[in-house]
1. Take the conditions over 22 Å from residue 295 (Cα atoms), open to solvent by 30 Å² or more (accessible area, probe 1.4 Å) and free of Cβ contacts under 8 Å to residues at least 12 places away in the same chain and apply them to residue 62. Does it pass?
2. In region 291-312, what residues are open to solvent by 60 Å² or more (accessible area, probe 1.4 Å) and of a type in the set (A, V, I, L, M, F, W, C)?
3. For residues in region 80-109 being free of Cβ contacts under 8 Å to residues at least 40 places away in the same chain and closer than 15 Å to residue 223 by Cβ, which is most open to solvent (accessible area, probe 1.4 Å)?
4. Any residue at all in region 178-200 that is closer than 22 Å to residue 249 by Cβ, of a type in the set (Val, Ile, Thr) and free of Cβ contacts under 8 Å to residues at least 60 places away in the same chain?
5. Just to verify a result, which residue in region 14-31, among those that are without any contact (Cβ under 8 Å) to a residue 60 or more places away in the chain and of a type in the set (A, V, I, L, M, F, W, C), is farthest from residue 259 (Cα to Cα)?
6. Tell me, yes or no, whether region 134-157 has at least one residue that is assigned to a helix (DSSP H, G or I), closer than 30 Å to residue 41 by Cα, open to solvent by 10 Å² or more (accessible area, probe 1.4 Å) and in contact (Cβ under 8 Å) with a residue 12 or more places away in the chain.
7. Of (1) touching a strand residue (DSSP E or B) at 6+ places or on another chain (Cβ under 9 Å); (2) among the hydrophobic types (A, V, I, L, M, F, W, C); (3) open to solvent by less than 40 Å² (accessible area, probe 1.4 Å), residue 57 satisfies all except one. Which?
8. Give the number of residues within region 222-244 that are open to solvent by less than 40 Å² (accessible area, probe 1.4 Å) and either more than 23 Å from residue 290 (Cα to Cα) or out of contact with any Cys (no Cβ under 9 Å at 6 or more places or on another chain) (or both).
Amino acid sequence: MPELVVEVVRSGFVECVHRVRVHVVDAQGEPVMVRGDTAALASPRSAMKPLQALAMLRHGLPLTGELLALACSSHCGEAFHVDGVRKILASAGLDESALRCPPDLPYDEESRLRVIRSGGTAERIYMNCSGKHAAMLATCAVNGWPLDSYLHPGHPLQRAIRAAVEELTGERIAATGVDGCGAPLLFVSMTGVVRAYRRLVLAEGGPERRIADAMRAHPEWTTGTARPETVLMRAIPGLLVKSGAEGFVVWAYSDGRAGAVKVEDGGERARMPATVAALRAAGLDAPELAGLATAPLFGGGEPVGEVRVRPA
């Protein structure tokens with residue numbers, strides 16, 4: 001079927017549309033909603049972080065609980081996130097000077113303003129991927145692998161990550177690029193990412209289940225205190241959600257229901273309405289999802305429309 005359409009309605013006029021690929025499966029892994037070509041290559045971006053963390057756990061990364069969730073995160077740079085990154089680094093005898101992600105300011109507005117007002121500037125530890133990078137460095141330290149080159153595609157760590165991604169997605173990596181944080185970006189299909197997340201939530205134990213349990217128990221550590229992904233995981237116990245840049249979201253429920261969305265133009269505002277539609281197609285809903293199914297549109301400070309999935 002054609003892509004799902006998320007429309008931007010202002011004063012009763014549709015002034016913009018976002019087209020979204022959607023792939024949803026039931027508890028047995030059978031498709032229940034497919035919109036657009038979900039077998040085509042996609043760029044999952046940060047939605048790959050739990051799979052990257054899985055490879056690290058398999059190679060001795062000694063993290064649990066909140067810090068393991070942080071290793072899978074696209075965090076907002078809140079104070080507890082920054083403190084957690086420092087703890088991961090310190091556990092390996094390192095500090096933030098070892099990080100190779102680019103400097104940034106916190107994504108969270110209050111945290112960003114606090115840094116600016118105190119005279120601070122962009123730093124690597126504030127970057128939303130610093131938890132993953134700290135975990136990568138800690139894994140290298142455990143194994144005696146080189147630290148300076150941990151982002152190189154040929155590094156032992158990156159080869160281990162590639163193998164884990166291919167195993168869980170059931171696909172060969174079709175192409176490799178560079179993510180925004182500088183780490184290798186592995187291109188697979190949306191169906192492959194859904195397959196991988198189902199394996200995380202359906203695992204009876206082992207590192208796969210440790211990843212899923214840590215993220216679901218500590219959703220604020222995987223993104224931020226007030227982020228939509230946190231709202232979803234709190235509203236539907238057993239739900240695992242991870243988003244990536246350019247409009248990618250993947251989720252999986254404890255019984256194996258799972259799905260992914262990819263906004264074709266990368267529009268961030270279309271992600272949550274499409275994600276709620278995908279969850280509801282799988283029979284997953286909660287009162288809190290009503291506030292994410294649409295987003296208000298303002299004119300002169302007053303609501304004049306909304307961002308919503310086009311009615312059937």
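1. no
2. Those that are open to solvent by 60 Å² or more (accessible area, probe 1.4 Å) and of a type in the set (A, V, I, L, M, F, W, C): 298, 312.
3. Once the filter is applied, the top-ranked residue is 109.
4. Yes, region 178-200 has at least one match.
5. Among those that are without any contact (Cβ under 8 Å) to a residue 60 or more places away in the chain and of a type in the set (A, V, I, L, M, F, W, C), it is 14.
6. yes
7. If we test residue 57 against (1) touching a strand residue (DSSP E or B) at 6+ places or on another chain (Cβ under 9 Å); (2) among the hydrophobic types (A, V, I, L, M, F, W, C); (3) open to solvent by less than 40 Å² (accessible area, probe 1.4 Å), just (1) comes out false.
8. Final tally of qualifying residues: 13.
The values are calculated or read from the model by the stated rules, or taken from the named source; none is laboratory data. None of the values given here were measured: they were computed from a predicted structure. Here the Cβ is made from the backbone with ideal geometry for all residues, glycine too, and neighbour counts use every protein chain on show. Heads up: the accessible areas ignore ligands, DNA and RNA and are worked out on the full protein's heavy atoms, side chains in. Shrake-Rupley method; radii C 1.70, N 1.55, O 1.52, S 1.80 Å.
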